[in-house]
Amino acid sequence: MTSRSAPHELIASAIALQPTVRDFADETERTRQCPPKLVDILHEHRLFDMILPKKYGGLEADIITMMRVLEELAIADGSTSWAVGIGNGTSIIAAHMPEATARDVFQPRVVTGGAQAPNGRAVPVEGGFRVTGRWAFASGCTHCSWLVGGTLIMDGDAPRMLDGGMPDWRTMLFPMSEVEIIDTWHVSGLRGTGSRDMVVDDVFVPNERAIGLASTEPTVDGPTYRFPVLGFLALTIAPIPLGIARRAIDELLELAGSKMPMGSLNKLRDRAVTQYEIAQAEAKLRSARAWLYEITEEIWDACVRGDEVSMHERAMLRAACAHAAIESARAIDIAYTLGGGTSIYETSVLQRCMRDARAATQHIMLAPPNYETAGRLMLGLPPASPMV
């Protein structure tokens, strides 16, 4: 594989932080956000700076290193990993902004977050846009300095269309002072991500903070910024279910060595069904993980060479992201079921793993329709949407 700018100390930091993240996990779950003290620790290890370009004070890590960091953090706590993934995912905007604006926004310890779904509407005015919108799932908003909101540029009552049939979709960047946060985040899984609703009402956004991620060339060169942007955004969350599943399987293995199921004279590990099912869970996890990293490395190498990434490769990446989440959830279901009555208690890691992984599969970037896009291209049909 082509060499990467992999700062392996980031992965080592993520592994070393696992006990600390686990210690905060109950507080993260209870307060429904990443605790401020934990945010400070993540900053100390530069884990929000992985994707930010070096010229703006970031680490400019390769995408596969970022994935490994997220996977390791998720073994400790899925919500914390999700917050780190979103912070890195939204920082990609720095590579598409004018240099002066990027330097102004990305000050030390600044975290960006928000939602890329095009739920905003923008009216062009002199120097920029007037934006109104409400976005759900503004992950990490409780520790951010700036928030992004996906927005359609309107031409009258309809979105303005670009060449190729894609609407003019921009990522609008707002300072926190211009955003109202509404605490709607009362959910079953990934509770600690702080993914509340964000609202703006007729807010002016200057042109330099209206970023065309999918329609403009990056202003900073490098394989990380040549990577297909929608695929990149999917990769900021797809490794997280893998880590959650790893934790669930490991928890079951530990439980199976001590638990004596009711009515049995043998430990849980001695049951043939346990042996068969846990191996099935391991196979699901490892095979889904292998495909995700394989297709990511193929596209990364193409970006290093400066080759164009085909629509087929983009679709396969999106399918692999969905597959990683879906198969991870299925592996966790096996571990949860094998755990029996122990699994249902709030003190059980298995129930939290199940809830968090199932919540992840509901994200549009990881949901089953991504299979359909890949299948259409495999069958010689055009994608149903150019947003691949």
Filter segment 294-309 for residues that are open to solvent by 20 Å² or more (accessible area, probe 1.4 Å) and of a type outside the set (D, E, K, R); which is farthest from the chain's Cα centre (by Cα)? Gly306
Out of (1) touching an Asp or Glu at 6+ places or on another chain (Cβ under 8 Å); (2) under 26 Å from Thr224 (Cβ atoms); (3) not in a loop (DSSP other than H, G, I, E, B), what's the single condition that is false for Val69? (1)
Filter segment 337-370 down to the residues that are open to solvent by 80 Å² or more (accessible area, probe 1.4 Å) and hydroxyl-bearing (Ser, Thr, Tyr), then identify the one that is farthest from Ala76 (Cα to Cα). Thr337
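Confirm whether Val220 is in a loop (DSSP other than H, G, I, E, B), more than 17 Å from the chain's Cα centre (by Cα) and modelled with pLDDT of 95 or more.
yes
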Here are Leu285, Leu317: which of them is open to solvent by less than 20 Å² (accessible area, probe 1.4 Å), part of a helix (DSSP H, G or I) and farther than 30 Å from Leu381 by Cβ? Leu285
Across (1) open to solvent by 10 Å² or more (accessible area, probe 1.4 Å); (2) among the aliphatic types (A, V, I, L, M); (3) modelled with pLDDT of 95 or more; (4) more than 30 Å from Gln280 (Cα to Cα), Leu253 clears everything bar (4)
Restricting to segment 354-383, what's the tally of residues that are in contact (Cβ under 8 Å) with a residue 40 or more places away in the chain, part of a loop (DSSP other than H, G, I, E, B) and of a type in the set (Gly, Ala, Ser)? 1
Single residue of segment 26-35 satisfying the filter (in contact with a helix residue (DSSP H, G or I) (Cβ under 7 Å, 6 or more places away or on another chain) and assigned to a helix (DSSP H, G or I)) that is surrounded by the fewest Cβ atoms within 10 Å (Cβ to Cβ): Glu29
When you look at Ala122, is it outside any loop (DSSP other than H, G, I, E, B), modelled with pLDDT of 95 or more and out of contact with any Gly (no Cβ under 8 Å at 6 or more places or on another chain), yes or no? yes
When segment 168-185 is checked residue by residue, the ones that are surrounded by fewer than 18 Cβ atoms within 10 Å (Cβ to Cβ), touching a residue at least 12 places away in the same chain (Cβ under 8 Å) and not in a strand (DSSP E or B) are Met176, Glu178, Asp183, Thr184
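Out of Gly165, Gly133, Gly149, which single residue is over 28 Å from Phe24 (Cα atoms) and part of a loop (DSSP other than H, G, I, E, B)?
Checking each option against the conditions leaves just Gly165.
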Provide a single number: the residues in segment 192-217 that are at pLDDT 95 or above and either open to solvent by less than 40 Å² (accessible area, probe 1.4 Å) or in contact with a helix residue (DSSP H, G or I) (Cβ under 7 Å, 6 or more places away or on another chain) (or both). 16
Would you confirm whether any residue within segment 51-65 is under 14 Å from the mean Cα position of the chain (by Cα) and under 23 Å from Met198 (Cβ atoms)? yes
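The values are calculated or read from the model by the stated rules, or taken from the named source; none is laboratory data. Here the structure is a predicted model, which means the values were calculated and not measured. Cβ sites come from the backbone with ideal geometry, for glycine too, and all protein chains shown count toward neighbours. Just so you know, the surface numbers come from the protein's heavy atoms only, side chains and all, with ligands and any DNA or RNA stripped out. Shrake-Rupley method; radii C 1.70, N 1.55, O 1.52, S 1.80 Å.
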